[in-house]
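These notes are about the structure you will find just below.
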Amino acid sequence: MLKKFLTCFSLLLVLVFAATAQAKSAELTRINAFDLDDETLRIEISYRGGKIEAGDVSTDLSSGILRVELDNTLPGRVSRVSGTQIDSDTKNFVERILTNKTRTNHTSIQVQFNSATEGSVKFFLEPADRSDKKDARVVVDMKKNFADNSLNQYFDGDGQIIVLDPGHGGSDAGAIGPTGVTEKSVSLAVSLKAQRLLEDSGYQVVMTRTTDIDVAAPGVSDAVELQARVNKAPPNAALFISVHCNAFSTGKANGMETYHAPNAVKGSRLARLLNEELARLGGLSNRGVKAARFYVMTHSQCPASLIELGFITNPREEKLLASEDYQQKLAQAITNAVNRYFNQGGFD
Ligand SMILES: [Zn+2]
């Protein structure tokens, strides 16, 4: 008992120490703004003394101002004019950069533009580079929107969280085609491709699985397995999309279809957009948009849809579903539907 107490106590010490260590704020040393190319403005925010992680950073571009919010930071040197450098070419575009400490350990950076500006924003983290005498950096890239660009090309997913659920996996192969192609492998391949495309469009993607595994554990009940998938969605997830292939006792059944939970207004809109984009690919018959009480849709906290990409039991569709090229097209269709879901503000 005493030993247990001591163990707990030392664990507590470690935790307290870890919390203290983590509280050390990064001090911003410099902000550089320059044109990376004709379309991209890059803001490099350099810092020292602490560690900034992806979860500390958020960006927002609205009302013609790009805001970068940084937790675990002090404005440091950049709150003085000399700490902020705007390239001479970029000055046509960026009017000024303001830095403020808005609360303890939080720095707010505002990039103000000379004219009304739209675009999409991404950021990434760069470690310090001693050989180049560079501090660690938060690098924010803003792709400027021009009037003639299509929405899909430069759509800003704005960090919204999309949950992709590749159906089945691990001990559960799902349906199996006449030549042995498994539903679990098709659903995973398409979902991983969609993940990439969605992330390129500025979304955050949460995958219920990224490899050939049972999400809960092998041999558990369907409800336990499916609830484990639903639980992967963070509370602020925007959409949940489950990817499956259909099956029937004969090889004749064919076509794709999308599902939503009964009476789910947003879910049915998502299912309709997914169906429209999949139909655009051609080649498969369209079985339409349907309501059903699939577990992941009725238990999801956010708008949800389940896609049946095609019949894996149909020899022609099995071949299509297994092809890398068609999988990529399916992934693009999913991405287009998500973009349309957010682009068109509920009117589509
Ligand atoms: Zn399935």
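The values are calculated or read from the model by the stated rules, or taken from the named source; none is laboratory data. What you see is a predicted model, and the numbers here were worked out from it, not measured in a lab. Backbone-built Cβ (ideal geometry, glycine too); neighbour counts: all protein chains shown.
Assess whether Ala292 counts as being more than 19 Å from the chain's Cα centre (by Cα) and either assigned by TED's automatic domain parsing to the domain that holds Lys232 or charged (D, E, K, R) (or both).
Spelling it out, Ala292 is indeed more than 19 Å from the chain's Cα centre (by Cα) and either assigned by TED's automatic domain parsing to the domain that holds Lys232 or charged (D, E, K, R) (or both).
Test Gly167 against the stated conditions and say whether it is touching a residue at least 40 places away in the same chain (Cβ under 8 Å) and either away from the ligand (no atom under 12 Å from the Cβ) or touching a strand residue (DSSP E or B) at 6+ places or on another chain (Cβ under 9 Å) (or both).
Answer is yes for this residue.
Taking only pairs six or more apart or across chains, which ones have beta-carbon atoms under 9 Å, a first residue in the range 174-200 that is more than 16 Å from the ligand (Cβ to nearest atom), and a second residue that is assigned to a helix (DSSP H, G or I) and basic (Lys, Arg)?
So the pair list comes out as Thr179/Lys319.
If the Cβ limit is 8 Å and pairs must be 6+ apart or interchain, which residue in the range 307-322 that is closer than 13 Å to Val190 by Cβ pairs with which residue that is modelled with pLDDT under 95 and in a strand (DSSP E or B)?
Correct list of pairs: empty, since none qualify.
Does at least one position in the range 63-70 carry a residue that is charged (D, E, K, R), under 15 Å from Lys143 (Cα atoms) and surrounded by fewer than 19 Cβ atoms within 10 Å (Cβ to Cβ)?
Yes, there is a match, as at least one residue in the range 63-70 is charged (D, E, K, R), under 15 Å from Lys143 (Cα atoms) and surrounded by fewer than 19 Cβ atoms within 10 Å (Cβ to Cβ).
Report those strands (runs of 3 or more DSSP E) wholly inside the range 208-296 carrying at least 2 residues which are without any contact (Cβ under 8 Å) to a residue 60 or more places away in the chain.
Where strands (runs of 3 or more DSSP E) fall fully within the range 208-296 and carry at least 2 residues being without any contact (Cβ under 8 Å) to a residue 60 or more places away in the chain, they are 256-260, 286-291.
Residues of the range 193-206 being of a type outside the set (Lys, Arg) and in a helix (DSSP H, G or I), which ones? Before you say what the answer is, go through the steps one by one.
First, pick out the residues of the range 193-206 that are of a type outside the set (Lys, Arg): 194-195, 197-206.
Selection gives Ala194, Gln195, Leu197, Leu198, Glu199, Asp200.
With the condition kept exactly as written, say whether any residue in the range 138-150 is part of a strand (DSSP E or B) and modelled with pLDDT under 85. Can you show your working first?
Going through the range 138-150, the residues part of a strand (DSSP E or B) turn out to be 138-144.
Imposing the further condition that a residue be modelled with pLDDT under 85 reduces the set to 144.
So far as the range 138-150 goes, yes, one or more of its residues are part of a strand (DSSP E or B) and modelled with pLDDT under 85.
Would you confirm whether or not the range 184-192 contains a residue that is over 14 Å from Leu309 (Cα atoms) and either assigned by TED's automatic domain parsing to the domain that holds Phe294 or part of a loop (DSSP other than H, G, I, E, B) (or both)?
The answer is yes, given that some residue of the range 184-192 is over 14 Å from Leu309 (Cα atoms) and either assigned by TED's automatic domain parsing to the domain that holds Phe294 or part of a loop (DSSP other than H, G, I, E, B) (or both).
Per-residue answers, yes or no, for (1) within 16 Å of the ligand (Cβ to nearest atom); (2) within 17 Å of Arg340 (Cα to Cα); (3) of a type in the set (S, T, N, Q):
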{"residue": "Val230", "(1), (2), (3)": "yes, no, no"}
{"residue": "Ser242", "(1), (2), (3)": "yes, no, yes"}
{"residue": "Tyr259", "(1), (2), (3)": "yes, no, no"}
{"residue": "Asn263", "(1), (2), (3)": "no, no, yes"}
{"residue": "Arg269", "(1), (2), (3)": "no, yes, no"}
{"residue": "Leu273", "(1), (2), (3)": "no, yes, no"}
{"residue": "Leu284", "(1), (2), (3)": "no, no, no"}
